[in-house]
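Any read-out appearing in this document is the output of simple, stated calculations on the displayed coordinates, not a laboratory observation. The shown structure was predicted, so the numbers you read here are calculated from the model rather than taken from an experiment. Positions of Cβ are generated from backbone atoms using ideal geometry, with glycine treated the same way; all protein chains shown enter the neighbour counts.
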């Protein structure tokens, strides 16, 4: 019979195990591990280290433009296994507000959330960001570029593909210039996202099962 727990040398202390489960299967937004100095929350270490570094660099560069901000969160599922679509919408809306994604005056934030166990993607945008990233465009992009990779188990590839599509879109519609998104050596993860929370007025969510 296979052991339910790792061997003693690799066993997590009960408190650490509970904290990890809570951060990957949160019951409230405050349970989610907040990026300490960046834009990517991945408490379960689903993303590869290389992918996290690239994402932090790209999103740090975006945030430095002052034109838009984007945060990423990778979770297993919500703590309640019976959580409905509305529960997910309310959860990510509250997380968006708690983290203060985007500048409050411009409402230019984007939050991309992946729930790997419940196989769900959610993209939440402030009204300012939605001028460039419409619900229709986001839904089509997530379906074509992100969902196929996630179905194959390539979470890093899916998250990076969606992020690059969003950044490309911001360039195409002249929100930012392509040279502003260039990541210089040593820049990765050094620019912290602004932390004050705010209420996003007129935000919208695109939800997709994969």
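Extending 7 Å from the Cα toward the beta-carbon at both residue 179 and residue 45 defines two label points whose distance is 4.0 nm. Largest first and in whole Å, the equivalent-ellipsoid semi-axes of the stretch 31-126 read 22, 17, 10, each the square root of five times a Cα gyration tensor eigenvalue.
When only Cα pairs under 8 Å and 6 or more residues apart are kept, what is the percent relative contact order across the stretch 36-209? Kindly include the intermediate steps, with their values, before the conclusion.
Details: 284 pairs, mean separation 59.3, N = 174.
Taking the mean separation of contacting Cα pairs over the length of the stretch 36-209, I get 34 percent.
Given axes a ≥ b ≥ c from the Cα gyration tensor, I'd like to know whether the stretch 36-209 is rounded (a/c under 1.5), prolate (a/b larger than b/c) or oblate. In terms of gyration-tensor shape, rounded. In vacuo Debye scattering of the stretch 56-100, one point per C-alpha: log10 I(q)/I(0) at q = 0.17, 0.21, 0.24 Å⁻¹? Each listed q corresponds, in turn, to -0.62, -0.79, -0.90.
Rounded to a whole number of µm²/s, how large is the Stokes-Einstein D of the stretch 71-121 at 20 °C and 1.002 mPa s, given Rh as the Kirkwood radius over C-alpha pairs? Don't skip to the end; give the middle numbers.
Numbers: Rh = 11.6 Å.
D = 184 µm²/s.
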